[in-house]
Amino acid sequence: MDAQRIAVDAVVALTDCDREAVTAFIRQLYLAGVKDPKRLTFKGLQAMARG
């Protein structure tokens, strides 16, 4: 859960996107097996940049 929290905080701070949308996306990745906070943050930033 710490990995999720770290990734969500980083993506929201860097993009100013909706926290709930970022949380939902990061949670999906986490449940799919991505556990590294850096990887979650990178994937989250990519997704939020695409819209």
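The values are calculated or read from the model by the stated rules, or taken from the named source; none is laboratory data. Please read these numbers as outputs of a predicted model, since none were measured by experiment. A quick note on method: Cβ atoms are made from the backbone with ideal geometry, for glycine too, and the neighbour counts reach across all protein chains shown. Calculation scope for accessible area: heavy atoms of the full protein, side chains included, ligands and nucleic acids excluded. Shrake-Rupley method; radii C 1.70, N 1.55, O 1.52, S 1.80 Å.
Round to a whole number: what % of the accessible area of the chain belongs to carbon and sulfur, probe 1.4 Å?
Answer for the chain is 56 percent, counting heavy atoms of protein chains only.
Placing +1 at every Lys and Arg Cβ and -1 at every Asp and Glu Cβ, with all other atoms neutral, what dipole size does the chain have around its Cα centre, in debye to the nearest 20?
220 debye
So what is the calculated 222 nm ellipticity per residue for the chain, using -39500 (n - 2.57) for each DSSP H run with n of 4 or more, over all residues, to the nearest 500 deg cm²/dmol?
-26000 deg cm²/dmol
From the residues Ala32, Thr15, Ala49, which one has its Cα farthest along the dipole of the chain in the positive direction, the dipole being from +1 and -1 charges on Cβ of Lys/Arg and Asp/Glu about the Cα centre?
The one lying farthest along the dipole's positive direction is Ala32.
Report, to two decimal places, the Cα Rg of the chain normalised by 2.2 N^0.38 Å (N = number of residues).
Cα-based Rg divided by the globular estimate yields 0.94.
Tell me the accessible surface of Leu29 in square angstrom (1.4 angstrom probe, heavy atoms of protein chains only), to the nearest ten.
Number for this one is 30 Å².
Quick one: accessible surface of Asp16, probe radius 1.4 Å, all protein chains present, in square angstrom to the nearest 10.
130 Å²
Check which residues have an amide H placed less than 5 Å from Val34's amide H, if you skip close sequence neighbours.
Correct list: empty.
Leaving out ligands and nucleic acids, and using a 1.4 Å probe, what accessible area per residue does the chain come to in Å²?
68 Å²
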